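Undergrad: Take this structure first; my questions come after.
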Amino acid sequence: MSPSLLIDNIGSLVTNDPGLGEGALGLVEDAALVVEDGLVVWAGPRARIPEGAARERFDAAGRAVVPGFVDSHAHLVFAGDRTAEFEARMSGRPYTAGGIRTTVAATRKATDQELRANVRRLVAEALRSGTTTVECKSGYGLTVEHEARSLRLAAEYTHEVTYLGAHVVPPEYADDPDAYVELVRGPMLEACAPHARWIDVFCERGAFDGDQTRAILAAGKERGLVPRVHAGQLGTGPGVAIAVELGAASADHVTHLTDADVEALASSETVATLLPGAEFSTRSPYPDARRLLDAGVTLALAADCNPGSSYTTNIPFCVALAVRDMNMTPAEAVWAATMGGARALRRTDVGRLAPGGRADVVLLDAPSYVHLSYRPGVPLVARVWKDGAPVVG
Ligand code: NIG
Ligand code: FE
């Protein structure tokens, strides 16, 4: 049993529980939090802190507290370098799905220790900018052995592990992509399913088409994995419709959408996960967040950390992009990066600071959550608690 902790003198607390405070963020001014055994047991105004046993007290000194960010989309198991590809892109070369193969070659050559060190480094980097829950995909192995290895290594760092054997068709199957689809939905799935919770497909021109996507996700579902889909990143396509049809937890990127896609998302449980780091790093137009919000779609905001299209783990940066360039309000963006991410991962224990939730807590060196977008690029994360234990600061 860890000692009970009182985080006191919080200037502004985002609970994400509208029953506890104002608006969707459940904002409480002049607030406090009580943590026991890694869980939030009380959140509310300081004036009403419940009597309790001896507690350790942390003085937030009037600063803001938000829930730990829930990054529901990341590709962290990789090796190699794609600096030159980024540099060429910034000289006008377009982004294509093909660059993935560069990372596949390097990842296959890497040792377990090298891959593990990379994941550890990126998870630690994400934590320093306030991410306390991170999803992690395979997708740079693309053989039975290398995909299973990627998932095994990812599972050492997170429970949110996603099998993405269908990231791109590897070079050895270039002449027979359907044979690769059979591998992904057959023997590779068998080897990977025990290590994963989710299954994902990159449904896009240059990667997998609608029929292939449906076949792979359906096989994954039969094996007990829940679908999520890379859809509409580079152009419109069947990905969103398939995600909704198969009850995917999330359709990700969704930068290019038809009206029917928006309607389908709005009338489904499928979360739309926006990844503005990818548009930033590929110099592409951002998704139309307002169109989705106005239609009633639930949005998540994630970093999409990967060496090709978005080499960042920094959720505050993504929040700032979403506010400045996607017309989201600061409150909508912070909600999407916390509760939205939790919804996209079908988690009720993270993304909120309310009784029963995990005490994944971020203290900002700022008076309000608004500063996450008002002070772009400034490292505002002063302290992070994970399951009630201080891990940063
Ligand atoms: O989410 N879209 C597919 N996968 C990654 C990019 C991977 C890469 O370029 O290495 C993404 O953007
Ligand atoms: Fe991705």
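Undergrad: If you take every residue apart from R358 with its C-beta less than 13 Å away from the C-beta of R358, what net charge results, scoring Lys and Arg +1 and Asp and Glu -1?
TA: -2
Undergrad: Also, quick follow-up: Taking the Cβ of Y286 as the centre, find all other residues whose Cβ is under 9 Å away and add up their charges (Lys, Arg: +1; Asp, Glu: -1).
TA: Values: positive: none; negative: E279, D288, D325.
Neighbour charge sum, excluding Y286 itself: -3.
Undergrad: While we're looking at this one, here's another question. For the stretch 268-393, what is the relative contact order in percent, using Cα pairs closer than 8 Å and at least 6 residues apart in sequence?
TA: 21
Undergrad: Relative to the longest principal axis of the chain, what angle (0 to 90°, nearest 10) does the C-alpha long axis of helix 315-325 take?
TA: 80
Undergrad: Count the net charge of all other residues whose Cβ sits under 13 Å from the Cβ of P3, scoring Lys and Arg as +1 and Asp and Glu as -1.
TA: -1
Undergrad: Follow-up question, since we're still on this one. I need the GluC sites (Glu not before Pro) found in the stretch 101-156, filtered to DSSP loop residues with at most 16 other beta carbons within 10 Å of theirs. Please report the intermediate quantities before stating the final value.
TA: Numbers: sites: E114, E125, E135, E145, E147, E156; in loops: E135, E156.
Listed in order of number, the matching sites are E156.
Undergrad: Using θ = phi - 60° and the Karplus form 6.51 cos²θ - 1.76 cosθ + 1.60, what ³J(HN,Hα) does each residue of the stretch 287-303 get, whole Hz, x for Gly and Pro?
TA: x, 8, 5, 5, 4, 6, 5, 5, 7, x, 7, 7, 10, 10, 10, 9, 8
Undergrad: GNM, the chain, Cα, under 10 Å: largest mean-square fluctuation among A382, A251, A84?
TA: Between A382, A251, A84, it is A84 that shows the largest mean-square fluctuation.
Undergrad: DSSP beta bridges in the chain, what fraction antiparallel, as a percent rounded to 5?
TA: 45
Undergrad: Under a straight-distance cross-link criterion of Cα-Cα below 15 Å, which aspartates and glutamates are reachable from K109, leaving out those fewer than 8 residues away in the same chain?
TA: D81, E145, E147
Undergrad: Starting from the Cα gyration tensor of the stretch 276-381, multiply each eigenvalue by 5, take the square root, and state the resulting semi-axes largest first in whole Å.
TA: In descending order the semi-axes read 21, 17, 14 Å.
Undergrad: How high is the relative contact order of the chain, given as a whole-number percent (alpha carbon pairs under 8 Å, six or more residues apart)? Could the numbers behind the result be given before it?
TA: Working: 991 pairs, mean separation 76.1, N = 393.
Relative contact order, the chain: 19 percent.
Undergrad: Skipping prolines and chain starts, which residues have an amide H placed within reach, meaning under 5 Å, of the one on L39, given they are 5 or more residues away or on another chain?
TA: Answer set, sorted by chain and number: A359.
Undergrad: Using a Gaussian network model of the chain whose springs link C-alpha atoms within less than 10 Å, name the residue from G377, G247, G340 with the highest mean-square fluctuation.
TA: The residue with the greatest mean-square fluctuation here is G377.
Undergrad: For the stretch 1-83, what proportion of DSSP beta bridges, expressed in % and rounded to the nearest 5, is antiparallel?
TA: 70
Undergrad: Also: Do you know the relative contact order of the stretch 1-68, to the nearest whole percent, from alpha carbon pairs under 8 angstrom that are 6+ apart?
TA: Answer for the stretch 1-68 is 43 percent.
Undergrad: When the accessible area of the chain is computed with all protein chains present and a 1.4 Å probe, what percentage of it is carbon and sulfur?
TA: With neighbouring chains kept in place, the figure for the chain is 52 percent.
Undergrad: I've got another one for you. Per residue, how much accessible area does the chain have with a 1.4 Å probe, in Å²? Write down the numbers at each step before the final one.
TA: On the way: 15180 Å² over 393 residues.
Per residue, the chain has 39 Å² of solvent-accessible surface.
Undergrad: Can you give the charge dipole size of the stretch 1-155 about its Cα centre, rounded to the nearest 20 debye, using +1 on the beta carbon of Lys and Arg and -1 on the beta carbon of Asp and Glu?
TA: 780
Undergrad: Which trypsin sites (Lys or Arg not before Pro) in the stretch 35-74 pass both tests, a DSSP loop state and at most 16 other beta-carbon atoms within 10 Å? Present the calculation step by step, with values, prior to reporting the outcome.
TA: Working: sites: R46, R48, R55, R57, R63; in loops: R55, R63.
Sites meeting the loop and neighbour criteria: R55.
Undergrad: Turning to a different aspect of this structure: May I ask you to evaluate 6.51 cos²θ - 1.76 cosθ + 1.60, the Karplus curve with θ = phi - 60°, for each residue of the stretch 158-170 and list the ³J(HN,Hα) values in order in whole Hz, giving x for glycine and proline?
TA: Per residue, the Karplus-derived 3J(HN,Hα) values read 7, 7, 8, 10, 10, 7, 10, x, 8, 8, 7, 7, x Hz.
Undergrad: Once the Cβ-Cβ distance between N327 and E125 is put in as r, and R0 is 22 Å, what FRET efficiency do you end up with, to the nearest 0.05?
TA: The calculated FRET efficiency here is 0.20.
Undergrad: Rg/Rh for the chain to two decimals, with Rh computed the Kirkwood way over all alpha-carbon pairs.
TA: My calculation puts Rg/Rh at 0.98.
Undergrad: Tell me the trypsin sites (Lys or Arg not before Pro) within the stretch 225-308 that lie in a loop according to DSSP and have at most 15 other beta-carbon atoms within 10 Å.
TA: R283
Undergrad: Still on this structure, I have one more. Kirkwood Rh over alpha-carbon pairs of the stretch 1-160, then Stokes-Einstein at 25 °C and 0.890 mPa s: what D in µm² s⁻¹, rounded to an integer? Before the final figure, lay out the partial values.
TA: On the way: Rh = 18.9 Å.
Roughly 130 µm²/s, to the nearest whole number.
Undergrad: What value, in deg cm²/dmol to 500, does the helix sum -39500 (n - 2.57) over DSSP H runs of n ≥ 4 give at 222 nm once divided by the residues of the chain? Could you put the intermediate results ahead of the total?
TA: Values: 15 runs with 126 residues, N = 393.
Estimated from H runs of four or more residues: -9000 deg cm²/dmol.
Undergrad: Looking at the chain as a GNM with Cα springs under 10 Å, which of P285, P94, P45 has the largest mean-square fluctuation?
TA: Sorting by GNM fluctuation, first place goes to P94.
Undergrad: Starting from the Cα-Cα distance between E87 and R48, subtract it from 0.36 nm times their residue separation and give me the gain in nm to one decimal. Mind showing how you got there, number by number?
TA: Numbers: separation 39, 0.36 × 39 = 14.04 nm, distance 5.48 nm.
So the chain would gain 8.6 nm between E87 and R48.
The values are calculated or read from the model by the stated rules, or taken from the named source; none is laboratory data. If you're wondering where the values come from, they're calculated on a predicted model, not measured in any experiment. Note that each Cβ is placed from the backbone with ideal geometry, even for glycine, and that neighbours are counted across all protein chains shown. Side chains included, ligands, DNA and RNA excluded: accessible areas come from the protein's heavy atoms. Shrake-Rupley method; radii C 1.70, N 1.55, O 1.52, S 1.80 Å.
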